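Presented below is the structure to which this report refers.
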């Protein structure tokens with residue numbers, strides 16, 4: 001089994017452990033805990049590409065890539081590239097781009113906004129209005145300020161807070177599989 005596949009399975013095992021009424025094998029949480037935080041978050045970003053539907057107009061052409069952008073400092077290192085290498089989502093190859101400028105974000109389908117961009121979050125989200133871009137971050141009030149998915153750590157597990165209202169406003173449809181394990185919040189509450 002490839003390292004990327006193993007990581008994807010570990011991340012979803014961690015989600016299952018958080019939401020499953022049935023016991024999860026004792027080994028799964030321990031393995032997930034030993035994987036670096038941003039390695040697991042990279043797996044989540046890949047999986048978001050599988051569990052979110054974009055409107056047809058979000059892609060310039062039917063064979064164009066699904067772009068995962070990282071705005072600001074990249075906490076993922078090589079993990080994100082390794083996870084998506086050779087993978088597709090909804091028939092689109094997945095491309096990872098590191099971005100520094102705000103004018104680069106509109107070509108993305110998923111945008112991870114790093115902690116260093118917190119001061120510009122309002123400006124970034126305003127620039128994305130009218131674009132079908134799934135915004136993801138891990139800062140304290142990310143979803144409350146209008147971001148769509150916030151990673152949070154709870155008892156050594158990555159949990160999701162999803163601002164479903166913001167996702168719908170961008171024309172995105174999130175799978176029930178993704179929503180099942182998340183806490184749903186609204187703009188203004190986190």
Q | Estimated FRET transfer efficiency when R0 is 30 angstrom, pair residue 102-residue 154 (beta carbons, to 0.05) | A | 0.45
Q) Which FRET efficiency value, to the nearest 0.05, do you get for residue 180 and residue 88 by plugging their Cβ-Cβ distance into 1/(1 + (r/R0)^6) with R0 = 35 Å? A) 0.90
Q) Hey, what did the range 54-190 get for relative contact order, percent, Cα under 8 Å, at least 6 apart? A) 21 percent
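Here, each number is a calculation from the coordinates, and none is a lab measurement. Keep in mind it's a predicted model, so treat the numbers as computed, not measured. Backbone-built Cβ (ideal geometry, glycine too); neighbour counts: all protein chains shown.
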